[in-house]
1. Please report the net charge: other residues with Cβ closer than 13 Å to the Cβ of GLY51, K and R +1, D and E -1.
2. Label GLU29 and VAL67 with points 7 Å out from Cα along Cα→Cβ: what is the distance between them in nm?
3. Students often check this: by mean Cβ neighbours within 10 Å, which of 38-48, 54-64 ranks highest, and how do the rest follow?
4. Looking at the P(r) of the stretch 27-81, how many percent of alpha-carbon pairs lie beyond 18 Å?
5. As a test, work out the antiparallel percent of DSSP beta bridges whose residues both lie in the chain, rounded to the nearest 5.
Amino acid sequence: MTGPKAQHAPIRVLLFARYAELLGTNVLEVHLSPGATVGDVLDRVREFPGGDAIGGSTLVALNHRQVGRGAPVGSGDEVAILPPLAGG
């Protein structure tokens with residue numbers, strides 16, 4: 001495959017709780033180059049207004065499974081970003 005579609009994979013990003021409030025939406029779509037990781041998704045989301053609130057202790061799920069920042073992402077994947085959980 002050649003052209004822009006071969007170079008940029010659309011990733012659906014779900015935002016929850018405080019992150020959805022700060023970014024003003026609960027769903028984003030970001031486009032990343034092949035070989036991108038969950039960490040790259042987080043970096044891209046941080047570029048949106050309000051995205052700088054996404055910190056290092058953020059919980060991330062890729063296609064409904066909790067993963068680390070180095071997990072690879074591809075076209076059609078879904079990344080969920082949740083604030084750190086606290087409880088008692």
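1. Combined, the nearby Lys, Arg, Asp and Glu give -1.
2. The two pseudo-label positions are separated by 1.9 nm.
3. Top of the packing list down: 38-48, 54-64.
4. For the stretch 27-81, the share of Cα pairs beyond 18 Å comes to 24 percent.
5. 75
Read-outs throughout are calculated quantities, based only on the coordinates presented, and are distinct from any laboratory measurement. Keep in mind it's a predicted model, so treat the numbers as computed, not measured. When we count neighbours, we look across all protein chains shown, and the Cβ atoms used for this are built from the backbone with ideal geometry, even at glycine.
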